[in-house]
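*Asks:* Dropping a structure here in structure tokens format, bear with me for questions.
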Amino acid sequence: MTKFRRPGHGNVDVSKTLNFSFDGKSYQGVQGDTLASALLANGVHLMGRSFKYHRPRGVVGAGSEEPNALVAVDRGQGRITPNVRATSLELYDGLKANSQNRWPNLKTDIGAFNNTFSMFFPAGFYNKTFKWPASFWDKVYEPFIRNMAGLGPAPEHPDPDNYASTYGHCETLIVGAGPSGIAAALSAARNGGRVILCDENPELGGSLLSTPGVQIEGKFALDWLAKSLEKLRKTENVRVMSRTTAIGYFHDNFVALAERLTDHIPGVEIGPAREKLHRIRAGKVILAQGAIERPLVFNGNDRPGVMLASSAQTYLGKYGVAVGNEVAVFTSHDSAYEAAFNLSDSNIRIPAIVDIREDIRTDLKEQAEQRGIDLFLGSAVSKTKGKHRIKSIEVFYPNTGSKQMIGCDALIMSGGWTPSLHLWSHSKGGIKWDADLAAYIPDQANENCVSVGACNGDFGVAAALNAGTKAGGGRKKFNTNEFDFGTGISLDTLPNYIDTSKQKAFVDFQNDVTEKDIKLAVREGFKSIEHVKRYTTNGMATDQGKTSNLNALQIAAKAVDQPVEKVGLTTFRPPYTPTTFGAVAGYRNDQLFEVTRKTPIDPWAEAQKVVFEPVGIWRRAWYFPKKGEDMHQAVARECKATRESLGIFDASTLGKIEVVGPDAAKFMNLMYTNPWNALKTGSCRYGLMLREDGYIYDDGVVGRLAEDRFHVTTTTGGAPRVYRHMEDYLQTEFTELDVWLTSTTEQWAVIALNGPNARKLIEPFVEGIDLSRENFPHMAFREGKICGVPTRLFRVSFSGELGFEINIPAHYGRAVWEMLFEAGQQYDITPYGTETMHVLRAEKGFIIVGQDTDGTVTPFDAGMPWAVSKKKKDFVGKRSLARPDLVAEGRKQLVGLLTEDPNVVLEEGAQIVADPDQPIPMDMIGHVTSSYWSEALGRSIAMALVKDGVNLTDTDVYIPMPGQTHTARITAPVFYDPKGERLNVV
Amino acid sequence: MLLIHCPHCNEERPELEFAYAGEAHIVRPNEAEQAEMSDADWSKFMFIRDNIRGDHAERWWHAHGCNMFFNAIRNTVTDKFTMTYKVCQKRPTEHQIKVAKND
Amino acid sequence: MLFDQGIDIPEALSGDALNIALEPEKARFNVRVKSKDVAAFKKASGFKFPVKIGATAKTGTQLISKFGPDEWVISDDAKSREKIAKKLSKLAGQFVMSATDISHRNIAFNVSGRLANEAVNIGCPLDLSLKSFPVGKATRTIFENAPIQLYRSGEDTFQIECWRSFAPYMVDFWTAFSRDIA
């Protein structure tokens, strides 16, 4: 049995010994311990160093509010978790934990020089110091800040663990399974609706676990608890979730619960989820989060061994651990007396209770006397001593100025209580100042939510049980035998004879913010509490100021000379406690992070060792390198083969929308710039779509299947937005039209065949379509069969060669592709990817929406006036094309560019200037939009948007690049076969 | 994540199924009106939108549901939906909004 | 075999607690009819078009789901595709309507077993209690990043359809889920 373990106390199993290591040293704890309770049982208080000054720090709390005892847990490669609160870390056999913010070790830390020079590190130090000279940023300031900043080690390897996530629903969600939460669950369960009761701890019971002596309805707390939990677990509509933290409360009672599944299991292997995020939609939320005891802000309050009174009570009551042998008490609230008496009754000596108040309840005085405890009323602790653990305190009596040293090995403190408003505030519930509690409590709810128990200011077990019962819909009143919770006072500054500037009175332990810092911030002009918070960083550490916010607020309020309620409270934001990225991502990691859409032909391409590229969320075949080929060689070969014989390309990702109804043509007339009335059934036409602002939005070939039916294609990336755009106009503007839209993108696989042998290849496979030049001309469209399956066959070309786009029902796509590919061997059929497709189209000057246009390009800018009907009175974008800016001179226009050096392939996005000798900043007249090596032309080609570009045809422009300026001549953007003769090869 | 009552499905559905679609009750001028509109008026129709603090009439699309566009009154301070209604319906009066709020 | 839905279901998804199976080839048609014509259309066609959005009508192998105010999807055995297409084409002469073949657009999964609800809820935010989502209800909704159609054919049985290219994402999701139910 370790030195500070108190057999007969606590809810731990002392028969099960667990071995663990902290900073490499081996210790023993027992089943049911946290790391903090196990270390305390071994007499270890020093558990970490502070963030800024690297001061030695001990454990302050006993739960998730802990600011100091942050450790890194090592579970193997990639499985190091930093900033774990030792107070919440369940002990398991073989646990390896390390302290943080120290080097080389916890007892001797180099960084502690910050402490020695702390007078130079006041609030805003970084903001004030690391400003100039600018040249110091890279070499001096940044490395220094990086070195000093951060809590704990960042993991160096990807997290190998798995995580899970789900949605859930319930009628009642109860957050916190202390007395109020359990009572709420018991009463809500009776209504039959689904109830979820969650608690962040492994053991449910909240404060009852710390005060096992309390009696409820004549039963000891733990017996009542066991019976109640059993009842809840047996109720079918109740789900009890331990190790589950409600991390955030969002709109309409949507609450995120992070459940820790495996961290407490020793040697757990990678496999089943480590944590699970439950996204719960609740009809009603009952918040029973409890309250957090407030530290007192006094000189030396951060010495290891100084902790909250309630924590000491928890360590004894829940874990059977004495926090010391000689435990002094410093308080401004009655509740600390219960802790003192509990400790005293377990044979822990209480050398002194120092109370700021001159007068206290008689029963407390009497009980202290009975136990032989010295009371120091109207006094304060003015100083603490001890290097890595408190050794003594100095008690100061301001009325006489007398001082007295008292020896101790722990000091427990209470500055009153802070109801936990975190989730209430996430839900945007209103708060009000309660002067008696000197704390904010919930006011008007913003959701269907109630706050019960200590987090609502209802202190004491009976009050909590009654409030919980009521919130769950019941009426029962509980009888308890408990210590009267009592009252306290709250002071912004405690009496001390030492000059404030010489004191080290910490408010925020984790971020090392002192009383001085807050006062300084106010002196320097920061009056808003939100500004004070950011300037001092109070409450901005991983604990979000759970123990410090209200102390900071009171100090700031006094400094600005305003009542606290006028100063307000800083905002609480999710997550309530630090949460792993894994839990937030849940299942959505790796390939589940985003959908990768694959075409029916994708598996064939994959088998060919194709290189894929992402296009939106599709993955598309980019190029098909043969052995030894690089991208350039592969693309050159694919281009050449397509122009000379036959290329095959998977165009399945093209968006497709079927537009059907008697008013289909009218609708098309409104959505596209082109005219559609005259388009004959069996023909197709290039369509250009604008937004209402007159800029190009999308384009694609549209085939007319029947008088009342169009097969519309869109760009790959544009498919969803074009569909939405069309639906929007149809449903909200052109409501009189009888026409409907159906997305058919995935109904059809599309195989594009391009090259002089395209017709020859498909001829033997096609049934019911006359493929002859005369009867199936360019831009015609037929329905029939290919390879025995139905097809919509388009004679179109995005390459300038004879081309077909074969639409077949998607589940036949791969088979048809494979049949054509095999038959195509006689023509050396060559599969090509998007890169070759882009080169071939650029050689022809065909635009890619989104590459050669950028949302500021009109059809006239793009050199496509032929696509805009002059006769139509209306189409989306028509009126805007007459906007003054759009008809002004000097707009950027799409042109071709030929570099002076044919071997130079310009960079896409490169800026273009008219005068290469102009000093910087130069006037940029445009930029390169597309640029490729053209195998067909044996030189590079490019397209560009250039100011007044058409008028500049045949003039030289310049493209300054690092080290070199390229010269290029502006040309028309059609580089290859400008007459289009190749479309009509026999 | 908000719950949004779709006036077509007549159900409250999770926000994830919906897409925001801008301010409501801005009617596209017909071809005759367009022809008569000054550049200034056209640019006002195109680009000028209210930025209301409080009850805002806006359009939503039940993209992953019934596929219908509809209108909503939503408070831009609290984010809360007060009411939703079909595109063909007029903007609710202040009184109607008040009544809906108290529901 | 020409027909290829391009997806395999891993063995881990064929268990008692959770069984996910690929549905065979189907005929599917998206049909729009003006509200005022629905009654006449039903009479002329014999199709049991349900009235409320979210409702379905099952007749033998044929399931008709109403997804939008004027939108229904007819799904049936693959072999009835031609027959339905002909019938719709004939109706199109009589009514102002739209019918589009979407047979190959979707992949359908049958999700059944004690954990079927959870297998849906890991990605879909809808409340699947029988009160909110009774047997026979069908809707379009979302499964994380994949738009889906969800149809409850039994207390513990769902049919989920998604566009073809989203199917691997669904299967990957359930495979990840299967780690946690072993």
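*Asks:* Please determine whether any residue of region A:863-882 is open to solvent by 40 Å² or more (accessible area, probe 1.4 Å), aliphatic (A, V, I, L, M) and under 26 Å from residue B:29 (Cβ atoms).
*Replies:* The answer is yes, given that some residue of region A:863-882 is open to solvent by 40 Å² or more (accessible area, probe 1.4 Å), aliphatic (A, V, I, L, M) and under 26 Å from residue B:29 (Cβ atoms).
*Asks:* Just one of the numbered conditions (1) within 29 Å of residue C:4 (Cα to Cα); (2) in a loop (DSSP other than H, G, I, E, B); (3) within 14 Å of another protein chain (Cβ to nearest Cβ) is not true of residue A:736; which one?
*Replies:* Evaluating residue A:736 over (1) within 29 Å of residue C:4 (Cα to Cα); (2) in a loop (DSSP other than H, G, I, E, B); (3) within 14 Å of another protein chain (Cβ to nearest Cβ) leaves (1) as the failure.
*Asks:* Further question: Which one is nearest to the other protein chains (Cβ to nearest Cβ) among residues in region A:785-824 that are within 22 Å of residue C:25 (Cβ to Cβ) and polar (S, T, N, Q)?
*Replies:* Among them, the one singled out is A:807.
*Asks:* Among the residues of region B:9-19, are any within 12 Å of the chain's Cα centre (by Cα), within 12 Å of chain A (Cβ to nearest Cβ), surrounded by fewer than 18 Cβ atoms within 10 Å (Cβ to Cβ) and under 23 Å from residue C:144 (Cα atoms)?
*Replies:* Within region B:9-19 (the criterion being within 12 Å of the chain's Cα centre (by Cα), within 12 Å of chain A (Cβ to nearest Cβ), surrounded by fewer than 18 Cβ atoms within 10 Å (Cβ to Cβ) and under 23 Å from residue C:144 (Cα atoms)), the answer is yes, since at least one residue qualifies.
*Asks:* Scan region A:549-602 for residues that are open to solvent by less than 20 Å² (accessible area, probe 1.4 Å) and either among the hydroxyl-bearing types (Ser, Thr, Tyr) or under 23 Å from residue C:121 (Cβ atoms) (or both) and jot them down.
*Replies:* Selection gives A:570, A:576, A:577, A:582, A:583, A:586, A:587, A:592, A:595, A:599.
*Asks:* Cβ contacts < 7 Å: first residue more than 10 Å from chain C (Cβ to nearest Cβ), restricted to region A:257-277; second residue among the basic types (Lys, Arg), any location; separation 6+ or different chain. Result?
*Replies:* A:259/A:243; A:259/A:276; A:260/A:243; A:262/A:274; A:263/A:274; A:275/A:260
*Asks:* Among the candidates A:310, A:346, single out the residue that is touching a strand residue (DSSP E or B) at 6+ places or on another chain (Cβ under 6 Å), on the phi < 0 side of the Ramachandran plot and not assigned by TED's automatic domain parsing to the domain that holds residue A:59.
*Replies:* Of the residues listed, the single one that is touching a strand residue (DSSP E or B) at 6+ places or on another chain (Cβ under 6 Å), on the phi < 0 side of the Ramachandran plot and not assigned by TED's automatic domain parsing to the domain that holds residue A:59 is A:310.
*Asks:* Out of (1) assigned to a loop (DSSP other than H, G, I, E, B); (2) of a type outside the set (D, E, K, R); (3) within 13 Å of chain C (Cβ to nearest Cβ); (4) open to solvent by 20 Å² or more (accessible area, probe 1.4 Å), the odd one out for residue A:777 is which?
*Replies:* Failing condition for residue A:777: (3).
*Asks:* Also, I was wondering about something else. Only one of A:255, A:285 is farther than 26 Å from residue A:321 by Cβ, in contact with a His (Cβ under 9 Å, 6 or more places away or on another chain) and modelled with pLDDT of 95 or more; which?
*Replies:* Sole residue among the options that is farther than 26 Å from residue A:321 by Cβ, in contact with a His (Cβ under 9 Å, 6 or more places away or on another chain) and modelled with pLDDT of 95 or more: A:255.
*Asks:* A follow-up question, please. Taking the residues in region A:9-60 that are without any contact (Cβ under 8 Å) to a residue 60 or more places away in the chain and assigned to a loop (DSSP other than H, G, I, E, B) as candidates, determine which candidate is farthest from residue A:330 (Cα to Cα).
*Replies:* Result: A:42.
*Asks:* Now a separate question. Which pairs have Cβ atoms under 6 Å, sit 6 or more apart or on different chains, and link a residue in region A:402-417 that is assigned to a loop (DSSP other than H, G, I, E, B) to one that is basic (Lys, Arg)?
*Replies:* Pairs found: A:415/A:294; A:416/A:294.
*Asks:* Given the criteria within 14 Å of chain A (Cβ to nearest Cβ), assigned to a helix (DSSP H, G or I) and not polar (S, T, N, Q), does residue C:37 qualify?
*Replies:* Yes, satisfied.
*Asks:* Hey, residue C:115 hits all of (1) more than 14 Å from chain A (Cβ to nearest Cβ); (2) surrounded by 17 or more Cβ atoms within 10 Å (Cβ to Cβ) but one; which does it fall short on?
*Replies:* (1)
*Asks:* Do the conditions hold for residue A:323, that is, is it open to solvent by less than 10 Å² (accessible area, probe 1.4 Å), within 29 Å of residue A:439 (Cβ to Cβ), in a strand (DSSP E or B) and in contact (Cβ under 8 Å) with a residue 40 or more places away in the chain?
*Replies:* No: the conditions fail for residue A:323.
*Asks:* Name the residue that is nearest to the other protein chains (Cβ to nearest Cβ), counting only residues in region A:596-648 that are among the β-branched types (Val, Ile, Thr) and touching a residue at least 40 places away in the same chain (Cβ under 8 Å).
*Replies:* A:599
*Asks:* Another question, then. So in region B:50-103, with the set limited to residues that are more than 14 Å from chain C (Cβ to nearest Cβ), among the small types (Gly, Ala, Ser) and surrounded by 12 or more Cβ atoms within 10 Å (Cβ to Cβ), which one is nearest to residue B:17 (Cα to Cα)?
*Replies:* Restricting to residues being more than 14 Å from chain C (Cβ to nearest Cβ), among the small types (Gly, Ala, Ser) and surrounded by 12 or more Cβ atoms within 10 Å (Cβ to Cβ), the top hit is B:72.
*Asks:* Related question: Looking at A:521, A:583, A:559, which is the one that is in contact with a strand residue (DSSP E or B) (Cβ under 7 Å, 6 or more places away or on another chain), among the hydrophobic types (A, V, I, L, M, F, W, C) and not in a strand (DSSP E or B)?
*Replies:* That would be A:583, the only listed residue that is in contact with a strand residue (DSSP E or B) (Cβ under 7 Å, 6 or more places away or on another chain), among the hydrophobic types (A, V, I, L, M, F, W, C) and not in a strand (DSSP E or B).
*Asks:* Of the residues that make up region C:56-76, is at least one surrounded by 14 or more Cβ atoms within 10 Å (Cβ to Cβ), in a helix (DSSP H, G or I), away from every other protein chain (no Cβ under 11 Å) and among the hydrophobic types (A, V, I, L, M, F, W, C)?
*Replies:* No, that holds for no residue.
The values are calculated or read from the model by the stated rules, or taken from the named source; none is laboratory data. Keep in mind that this is a model prediction, so the values were computed, not measured. For neighbour counting, all protein chains shown are included, and Cβ atoms are generated from backbone atoms with ideal geometry for every residue, glycine included. Accessible surface is based on the protein model in full, side chains and every heavy atom, while ligands, DNA and RNA are left aside. Shrake-Rupley method; radii C 1.70, N 1.55, O 1.52, S 1.80 Å.
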